[in-house]
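Colleague: Before anything else, here's the structure in question.
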Ligand code: SF4
């Protein structure tokens, strides 16, 4: 019906102009609403920054990994010792964690940790405000993943905590194997997806795919889109970047989209297309980043609402550029977190403007560009 009216209006010049005008008003109103709420949110965060306690823990739970991914330097750290569940329990007693609502569990490969269930037990029992566990896995060990997820889901259900699982898939068939540095990586992750889908209610509340783009897999990204559509699982796309936690500084030249002009061009085109398809702030922010190499997004770590705890019990503001602030087992996490604000300001000054991590929403200046681009598309 609406479509018919639009068509009729389009047939008349005046009607067409009126339609464009009304669409512009609509975009402006939406923009004003968004920018106002974003400003309020940022203002609140900056006021609270001093007293803020984190709502999120990024918890790489182990250094162990069976893969050797193109964009990861974790193999340099693989021999390091991980915390055990008792140590984790002691750390999480600290008041810094009293308002945590979400824990991101990644690695290494979390399902390789022998006391994973004990650690999850510690997490769900020590964090009184916890609402969700967000696990990232490479999906290789199908049987182990299914059996452990069954237990994790049971545990979390008792406390009304959601379990969200994301599997890393960066390509189809040989491209996934190449990106992940392991034969049959694709076959295994595919099997895991099918096994989870056959009884998802018992295993997790949501299942997603994370695809990380490098100069290598961008040329075959359409294969991931087609394959993912056939599985019915939603994919979230990111770009591979420098990350201190996974020690990948010396691999940058080898994996980064920025070191290959053709790859950069393709990636810009891809994220712009995603922005048009989904109207997503995240994809527009990544497109802007690829265009300008500047960040147009706030960061939860910069606002002190996120904290990182590494497998060797070191606390950091973020996993990307933050230095290790101190050992959370030997000292109070609260004191470490609050006592290093100077380093947070240094991060902000030196790195945040050029960092592409944790991009979800646009900053107010990014929102303006988002609005202008939508209007430009409408009238050209
Ligand atoms: S360096 Fe990146 S991840 Fe770290 S606080 Fe800054 S914007 Fe956030």
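The values are calculated or read from the model by the stated rules, or taken from the named source; none is laboratory data. This one's a predicted model, so the numbers in the text were calculated from it and none came from an experiment. With ideal geometry, Cβ positions are generated from the backbone for all residues, glycine too; neighbour counts draw on all protein chains shown.
Colleague: If you check residue 334 against the conditions, is it more than 20 Å from the chain's Cα centre (by Cα), in contact (Cβ under 8 Å) with a residue 60 or more places away in the chain and surrounded by 14 or more Cβ atoms within 10 Å (Cβ to Cβ)?
Modeller: Taking the combined requirement at face value, the residue satisfies it.
Colleague: Would you list the helices (runs of 4 or more DSSP H) that sit entirely within the stretch 285-380 and hold 1 or more residues that are more than 27 Å from residue 270 (Cβ to Cβ) and in the same structural domain as residue 90 (by TED's automatic domain parsing)?
Modeller: 333-338, 341-350
Colleague: Here's a follow-up. Are any of the residues in the stretch 90-107 in contact with a strand residue (DSSP E or B) (Cβ under 9 Å, 6 or more places away or on another chain), modelled with pLDDT under 90 and under 21 Å from residue 241 (Cα atoms)?
Modeller: yes
Colleague: Then there's this: If a residue must be within 14 Å of the ligand (Cβ to nearest atom) and over 13 Å from the mean Cα position of the chain (by Cα), how many such residues does the stretch 283-296 contain?
Modeller: 6
Colleague: Of the residues that make up the stretch 220-227, is at least one in the same structural domain as residue 205 (by TED's automatic domain parsing), free of Cβ contacts under 8 Å to residues at least 12 places away in the same chain and touching a strand residue (DSSP E or B) at 6+ places or on another chain (Cβ under 8 Å)?
Modeller: There is at least one residue in the stretch 220-227 that is in the same structural domain as residue 205 (by TED's automatic domain parsing), free of Cβ contacts under 8 Å to residues at least 12 places away in the same chain and touching a strand residue (DSSP E or B) at 6+ places or on another chain (Cβ under 8 Å).
Colleague: Here's a follow-up. Give the stretch 349-364 a look and list any residue that's free of Cβ contacts under 8 Å to residues at least 60 places away in the same chain and within 9 Å of the ligand (Cβ to nearest atom), or say none.
Modeller: Result: 350, 351, 352, 353.
Colleague: Of the residues 299, 304, which single one is in contact with a strand residue (DSSP E or B) (Cβ under 9 Å, 6 or more places away or on another chain) and within 16 Å of the ligand (Cβ to nearest atom)?
Modeller: Going through 299, 304 in turn, just one is in contact with a strand residue (DSSP E or B) (Cβ under 9 Å, 6 or more places away or on another chain) and within 16 Å of the ligand (Cβ to nearest atom): 299.
Colleague: While we're here: Across the stretch 72-89, what is the total count of residues that are in contact with a helix residue (DSSP H, G or I) (Cβ under 6 Å, 6 or more places away or on another chain), modelled with pLDDT of 95 or more and not in a helix (DSSP H, G or I)?
Modeller: Selection size over the stretch 72-89: 0.
Colleague: Would you check if there is a residue in the stretch 268-282 being in the same structural domain as residue 104 (by TED's automatic domain parsing), within 15 Å of the ligand (Cβ to nearest atom) and not in a loop (DSSP other than H, G, I, E, B)?
Modeller: Yes; the residues of the stretch 268-282 include at least one that is in the same structural domain as residue 104 (by TED's automatic domain parsing), within 15 Å of the ligand (Cβ to nearest atom) and not in a loop (DSSP other than H, G, I, E, B).
Colleague: Looking at 242, 210, can you tell me which residue is touching a residue at least 40 places away in the same chain (Cβ under 8 Å) and either buried (at least 17 other Cβ atoms within 10 Å of the Cβ) or not assigned by TED's automatic domain parsing to the domain that holds residue 177 (or both)?
Modeller: 242
Colleague: If only one of 329, 317, 334, 321 is under 24 Å from residue 92 (Cβ atoms) and within 9 Å of the ligand (Cβ to nearest atom), which one is it?
Modeller: From the options 329, 317, 334, 321, the qualifying one is 317.
Colleague: Tell me, please, whether a residue that is over 26 Å from residue 65 (Cβ atoms), at pLDDT 95 or above and touching a helix residue (DSSP H, G or I) at 6+ places or on another chain (Cβ under 9 Å) can be found in the stretch 224-247.
Modeller: Among the residues of the stretch 224-247, at least one is over 26 Å from residue 65 (Cβ atoms), at pLDDT 95 or above and touching a helix residue (DSSP H, G or I) at 6+ places or on another chain (Cβ under 9 Å), which makes the answer yes.
Colleague: Please enumerate the residues belonging to the stretch 307-317 that are touching a residue at least 60 places away in the same chain (Cβ under 8 Å) and either surrounded by fewer than 22 Cβ atoms within 10 Å (Cβ to Cβ) or within 17 Å of residue 339 (Cβ to Cβ) (or both).
Modeller: 307, 308, 309, 311, 312, 313, 316
Colleague: Cβ-Cβ below 6 Å, separation at least six or inter-chain, first residue in the stretch 284-295 and over 14 Å from residue 365 (Cβ atoms), second away from the ligand (no atom under 16 Å from the Cβ) and in a helix (DSSP H, G or I): which pairs?
Modeller: Short answer, once both residue conditions are applied: 286/271; 287/271; 287/272; 287/275; 290/267; 290/268.
Colleague: Provide a single number: the residues in the stretch 248-258 that are modelled with pLDDT under 95 and part of a helix (DSSP H, G or I).
Modeller: 6
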